[in-house]
Amino acid sequence: MGSEESALRVVVGLDGSSSSHSALRWAVHQARLIGGVVDAITAWELPVLYGWPASAPMIDTDVDEQLAQRSLDEELDEVLGESRPVEVRARVVRANPAEVLLNAAVGAELLVVGSRGRGTFARALLGSVSQQCALHATCPVVIVRPG
């Protein structure tokens with residue numbers, strides 16, 4: 001088994017929100033405590049137009065994926081700076097965010113996600129990423145509020 005396979009992992013979902021920034025800081029702190037690494041993941045899906053996924057001629061998915069990767073790298077630099085106390089492995093995946101995080105968390109020590117906390121109405125909506133992670137993850141889940 002290589003070191004990458006045997007490393008203790010903390011998975012964190014990032015979406016650019018202040019709560020995901022807090023989740024990233026929390027995940028890095030926890031990984032440092034356990035001597036692990038952080039898998040920082042941004043997931044995105046093609047937009048849906050009138051109930052159908054947008055077609056390839058309308059959207060350049062390669063450009064979108066490059067923009068998503070650049071945004072993730074910038075987010076990591078903004079939140080953590082250049083000196084990182086643990087290894088942070090950044091990954092962008094084009095798929096349903098909850099499914100991506102749940103799959104990435106298999107075998108992880110912890111899954112960390114943010115909670116946008118947008119008020120009573122938003123909390124009442126079913127199907128949020130943090131709710132799906134809390135309900136279905138195979139490891140402990142921490143939901144971090146902004147601040």
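Right, GLU99: under 23 Å from ARG9 (Cβ atoms), at pLDDT below 90 and not in a strand (DSSP E or B) or not?
No: the conditions fail for GLU99.
Hey, can you tell me all the residues within region 30-41 that are in a helix (DSSP H, G or I) and touching a residue at least 12 places away in the same chain (Cβ under 8 Å)?
Matches in region 30-41: GLN30, ALA31, ARG32, ILE34.
The values are calculated or read from the model by the stated rules, or taken from the named source; none is laboratory data. Worth saying up front: this structure is predicted, and the values here are computed from it rather than measured. Positions of Cβ are backbone-derived with ideal geometry, glycine not excepted, and every protein chain shown enters the neighbour counts.
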